[in-house]
Amino acid sequence: MKIQDTLRSAEQELEIIDKIRIYLCGVTVYDDSHIGHARTIIVFDVLRRYLENKGASVQFIQNFTDVDDKIINKAKTENSTANQISARYIENYFRDFDSLNVKRATAYPKATEHITEIQEFIKKLIASNVAYVSQNGVYFSVAKFPEYGKLSKKNIDELQSGVRIEVDENKQDPLDFALWKFSNEEPTWDSPWGKGRPGWHIECSAMSIKYLGESFEIHGGGRDLIFPHHENEIAQSESFTTKQFAKIWMHVGMVTINGEKMSKSLGNIKTINHVLQNWGANIIRLFCLSGHYSKPIDYTEELLRENLVKWRQIEMCYYELIHSKLGNVEETIDVERWSNDFDSALESDLNTHLALTAFFTLVKETNRLAAEGKLGTDTNKIKAEMERMMDILGLKIPEITLKEKERIDEMIYSREKLRHEKKFQEADRIRDKLNDMNIELIDHKGRTIWVRKERINAESNF
RNA sequence: GGUACUCUGGCAGAACGGUUAUGCGUGGGCCUGCAAAGCCUAUACAAGGGGGUUCGACUCCCUCGGGUACCUCCA
């Protein structure tokens, strides 16, 4: 499959081989995750699910940054410890992303649990003379890495003249970045250079190399990480190994809110917890996949609603397939065609929008046949393909128990009887009751089927 | 200011040097006791502005303009 590589500004072939190694820069655990995190992580979740569907074994590593100024500051204001803060937000992370139906990564390494690896890494960089110890920490010397700027397409001279923060006297060059920061404020670790804590970028280099090796297939994250985070990772890692680091750099576009940047100062952060309450996982996933991952996407009520309509069509289709009785096929659906379209869309730089188009064509075709009473013996084939696509997209129809089914069938039977007797008011009362249970009845010609609708809280606010 | 990405019909969003993308929305219809959902059907000849290359450009080039991101907090 083809993936756009930020480093080369061109699509690169990703061979779907037995083992594919992916490192995704995760979150700094100082606050609840928001819809922007969700988009990046859902995009990678779909990539991973697709590769696995094609038979690859994916080693998927996603870190937690659990040592950072923001965590320490939050701990101070709450009179708590950095550990308590990060533990709390890691817990929330899993609450949110499990609810979003994101598959768990192979491992979630934490910076604080890899201090040894980080220090070994720094030792070697110092020994190779690309890093130096100064008054307040250990720094990487950007001048020693001639290719610095190759990922973000920045020119070192321009960066230097554009430095806008006060120059740190302890650095040899304003562009140098910290590998280790000296500090006496907890959390700290002893090191050969002095007590302190790791800088931000070093953990990802140390941990990705530990878990995935010196070179691996894909390294990714949000677009905003290109500079300085990923640029610095390349400088450190390639100085360390003298090998090409990631083969493909994949970056996901930002989420804006009604056209504006999401930021604390604007007060427009949409936490995952919040949007889940209103819209549920399936609609959020459809929303996040509705545009190409590399482009920005705007979070608006209108778009969410559009995806709600689509989700209802999917539910409808699913239950049509569940309820359809095996009979003669008068007309078939070209399942292979939509299946191939779906796959080739994803093969082409993970074009989820186009893949969704193929998926919805299958849904629409199925609904059409159902409406015409022509669903027949190939129902299982359609259902299997639909489930495959839904699995890759990470969409999930909630399970329904046998007991619930029996109860629904009984109620439908009673309603049918009342309808035959033309007691429509009483019949409608049963229908209303089912509606309260989120069961919608569909009266087709001569038969009634039911659809278990996911409750979407936002819907009642329209 | 610099760099990168981007600009398609009311909205979302693709492909492609020359054919209707598609979806949502909207109008009409079918089904139904009614409704909802679904289905059918109709509807937008759209490409930020201006140049150029070409027999022909939404697609390539130039230029002007808008947007988003980044320029050591950021998914």
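The values are calculated or read from the model by the stated rules, or taken from the named source; none is laboratory data. In this text the structure is predicted, and so the values were computed from the model without any measurement. Here Cβ is always computed from backbone atoms with ideal geometry, including for glycine, and neighbour counts include all displayed protein chains. Please note that ligands, DNA and RNA were not included when accessible areas were found on the heavy atoms of the full protein model with its side chains. Shrake-Rupley method; radii C 1.70, N 1.55, O 1.52, S 1.80 Å.
Quick look at the values:
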quantity: Tabulated pairs, the range A:427-456, first outside the structural domain of A:E315 (by TED's automatic domain parsing) and of a type in the set (A, V, I, L, M), second buried (at least 17 other Cβ atoms within 10 Å of the Cβ) and modelled with pLDDT under 90, C-beta under 8 angstrom, 6+ apart or interchain; calculated: A:I449/A:H323
quantity: Residue that is farther than 26 Å from A:N268 by Cα, touching a residue at least 40 places away in the same chain (Cβ under 8 Å) and open to solvent by 40 Å² or more (accessible area, probe 1.4 Å), where the choices are A:S339, A:S348, A:S324, A:S344; calculated: A:S348
quantity: Every residue from the range A:377-396 that is surrounded by fewer than 20 Cβ atoms within 10 Å (Cβ to Cβ) and either within 16 Å of RNA strand B (Cβ to nearest atom) or touching a residue at least 60 places away in the same chain (Cβ under 8 Å) (or both); calculated: A:K383, A:R388, A:M390, A:D391, A:K396
quantity: Those residues of the range A:8-31 which are away from RNA strand B (no atom under 11 Å from the Cβ) and either crowded, with 18+ Cβ neighbours inside 10 Å or closer than 24 Å to A:S86 by Cα (or both), in sequence order; calculated: A:Q12, A:L14, A:I20, A:R21, A:I22, A:Y23
quantity: Count of the range A:81-91 residues which are open to solvent by less than 30 Å² (accessible area, probe 1.4 Å) and not small (G, A, S); calculated: 3
quantity: Which listed residue, of A:L286, A:L321, A:L304, is more than 9 Å from RNA strand B (Cβ to nearest atom), out of contact with any Phe, Trp or Tyr (no Cβ under 8 Å at 6 or more places or on another chain) and not basic (K, R); calculated: A:L321
quantity: Subset of the range A:34-56 [touching a strand residue (DSSP E or B) at 6+ places or on another chain (Cβ under 7 Å) and more than 8 Å from RNA strand B (Cβ to nearest atom)]; calculated: A:V43, A:F44, A:R48, A:L51, A:E52, A:A56
quantity: Residues that are free of Cβ contacts under 8 Å to residues at least 12 places away in the same chain, near RNA strand B (Cβ under 10 Å from one of its atoms) and assigned to a loop (DSSP other than H, G, I, E, B), drawn from the range A:217-276; calculated: A:S263, A:K264, A:S265, A:L266
quantity: Count of the range A:211-228 residues which are of a type outside the set (A, V, I, L, M), touching a His at 6+ places or on another chain (Cβ under 7 Å) and surrounded by fewer than 19 Cβ atoms within 10 Å (Cβ to Cβ); calculated: 1
quantity: Criterion violated by A:T332 - all others in (1) over 22 Å from the mean Cα position of the chain (by Cα); (2) among the hydroxyl-bearing types (S, T, Y); (3) at pLDDT 90 or above; (4) surrounded by fewer than 21 Cβ atoms within 10 Å (Cβ to Cβ) satisfied; calculated: (3)
